[in-house]
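So the structure is just underneath, and the comments pick up after that.
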Amino acid sequence: MSQYERALEAYKVIGVDTEQAISVLSQLPISIHCWQADDVGGFESPDAVLSGGGIQVTGNYPGKARSIKEVQQDLEKVLTLVPGTHRLNLHASYGDFGGKKVERDEIEPHHFDVWINWAKKHHLGIDFNGTFFSHPYAADGYTIASKDPVIRAFWIRHAKRCREIAAYIGKEMNSTCILNTWIPDGAKDITFDKMGYRKILKESLDEIFEIEYSPVYMKDAVETKLFGIGSESFVVGSHEFYMNYAIRNNKMLCIDMGHFHIDEDISDKLSSLLLFDDELLLHISRPIHWDSDHMVVLNDKVKEVARELVRSGALHTVHLGLDFFDASINRIGAYVTGIRSFQKALLLALLEPTARLRKFEQDGRGFEKIALFEALSTLPFSDVYDEFLLRNKREDDFSTIKRVIEYEEKELSKRGNT
Ligand SMILES: [Mn+2]
């Protein structure tokens, strides 16, 4: 009997089907963000202003991707090192603008053909994001919630272009493109007209969403946030704002694990939201203090989110995307470990005897419930994980570390520190 066969039997005793768990996980797409490869730089023209607020990436580890081709090459490497079939999560600033300056309110669907062709070749779906930061018009901290009518109109045009592009991508890819809208709008210090800014945001969103696109091609999501660097005191698009906006306007809410108070239990929000929203977008990340964007590891928060996804039966109504960007470590390694860690969390969740635990709970058998849950921690999870890797023709974690370093030595080291 192999180690896996022994694990299969051990889980079967408590009513868990490891074959089913492996099969579900193998088919669960994760939307892999393009922006870990180049520190959210994007590929607008060389003279584009890549400052201007809204986002901050720290670290200068060598090997950052310098072109679309390099991002694609890096992602191809990542795809060889992670199990499963996934999606690409693209930002508007990553279009192929042919070295020309194309303003954000003038971007067009064809600027993304290079990604569409690449994604088709690699059997990836594509999701999309407007880029409302790193731009002179984002420098004062407000975009579509700006009181300056010129700035506000500019970003509304950008948002509308992004919706058109997302619909085009969805049609081309024959797979619904989720367009996530996150804006950095907010203030560093005490704000005296919160209502005013939020009213502008509401009106801007209404205008942006005027055109109806087929949900077969694209769906809109709006991402909430609690605070950020430069918006410590006030974020216009808060959780409450978007939760209400989304439900009233039939939009998808995007919950980013890094966009809440550090002690908040993100997993606890899912069942409440899912009773009222058909779908959700979830950004998997690892917040530390004031920064929301560290590489995902298998910590309690990620485990809890994965468990709740499984327990709520929400694995297929919640769209899973990654959102982290760490420039202080090997970027390919960050992708690979981040994805694998989240998959481990999902596998742990899929190996939970949920029906049995629920029955104990319902019957008032509190001790048995917690004791069974505790007993899970010594079951041979690693054998099931290894089998999951094997079935997906992927190496174990230790070998993967070697592959990442080989790629660093062979490819990334040639790129220098830029
Ligand atoms: Mn996010």
- Query: Okay, which of the range 127-160 sit inside 11 Å, backbone N to the point 7 Å along the Cα-Cβ direction of F192?
  - Reply: none
- Report relative contact order for the range 249-398 in percent, whole number only (criteria: Cα-Cα under 8 Å, sequence separation at least 6). 20 percent
- Task: Express the accessible area of the chain per residue in Å², computed with a 1.4 Å probe while the remaining protein chains stay in the model.
- Result: 45 Å²
- Query: Using θ = phi - 60° and the Karplus form 6.51 cos²θ - 1.76 cosθ + 1.60, what ³J(HN,Hα) does each residue of the range 350-356 get, whole Hz, x for Gly and Pro?
  - Reply: 5, 9, 8, x, 4, 4, 5
- Item | In sequence order, calculated HN-Hα J values of the range 335-340 (Karplus, 6.51, -1.76, 1.60; Hz; x Gly/Pro) | 4, 5, 5, x, 5, 4
- Sites excluded, trypsin sites (Lys or Arg not before Pro) in DSSP loops with at most 11 other C-beta within 10 Å, longest stretch of the chain: 102-392
- Counting only residues 5 or more places away or on other chains, whose amide H sits under 5 Å from the amide H of V318 once H atoms are built in the peptide plane? L280
- Query: Once amide H atoms are placed 1.01 Å from N in the peptide plane, what residues at a sequence separation of 5 or more from G95, or on another chain, have their amide H within under 5 Å of its amide H?
  - Reply: F43
- Item | Sequence of W290, W182, W115 when ordered by accessible area, the most exposed leading, probe 1.4 angstrom | W290, W182, W115
- Once you have a ≥ b ≥ c as the square roots of the Cα gyration tensor eigenvalues for the range 19-174, tell me rounded if a/c is under 1.5, and otherwise prolate or oblate according to whether a/b is larger than b/c. prolate
- Message: Could you work out the relative contact order of the chain? I mean the mean sequence separation of Cα pairs under 8 Å and 6+ apart, divided by the number of residues, in percent.
- Response: 21 percent
- Message: So if I place +1 on the C-beta of Lys and Arg and -1 on the C-beta of Asp and Glu, and nothing else carries charge, what would the dipole magnitude of the chain be about its Cα centre? I want it in debye, nearest 20.
- Response: 460 debye
- Message: For a test of the definition: using alpha carbon positions, the gyration tensor, and the 1.5 limit on a/c, classify the range 239-398 as rounded, prolate or oblate.
- Response: oblate
- Query: For the range 301-341, with the dipole built from +1 on Lys and Arg beta-carbon atoms and -1 on Asp and Glu ones, taken about the Cα centre, which of G321, V305, Y335 lies farthest toward the positive end?
  - Reply: V305
- Assuming a ≥ b ≥ c are the square roots of the Cα gyration tensor eigenvalues, decide whether the range 209-317 counts as rounded (a/c under 1.5), prolate (otherwise, with a/b larger than b/c) or oblate. oblate
- Query: Between the range 219-298 and the range 80-128, what is the C-alpha centre distance in whole Å?
  - Reply: 24 Å
- Item | Mean-position separation - Cα centroids, the range 146-218 and the range 339-414, in angstrom | 37 Å
- Query: Amide H to amide H under 5 Å from V102: which residues, 5+ apart in sequence or cross-chain, H placed 1.01 Å off N in plane?
  - Reply: S45
- Item | the chain, helix-only ellipticity at 222 nm - DSSP H runs n ≥ 4, -39,500 (n - 2.57), divided by all residues, nearest 500 | -13500 deg cm²/dmol
- In whole Hz, what ³J(HN,Hα) sequence does the range 123-131 give by Karplus (6.51, -1.76, 1.60; θ = phi - 60°), x for Gly and Pro? 6, 10, x, 10, 10, 9, 9, x, 10
- Evaluated over the chain, the Cα radius of gyration and Dmax, each in Å: 21.7, 71
- Roughly to the nearest percent, how much of the accessible area of the chain is carbon and sulfur, given a 1.4 Å probe? 53 percent
- Item | GluC sites (Glu not before Pro) lying in DSSP loop within the range 181-213, provided at most 11 other Cβ fall within 10 Å | E210, E212
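The values are calculated or read from the model by the stated rules, or taken from the named source; none is laboratory data. All values derive from a computational prediction rather than experimental measurement. Neighbour counts run over all protein chains shown; Cβ positions are idealised from the backbone, glycine included. The protein model used for the area step is the full one, side chains on, heavy atoms only, and it has no ligands, DNA or RNA in it. Shrake-Rupley method; radii C 1.70, N 1.55, O 1.52, S 1.80 Å.
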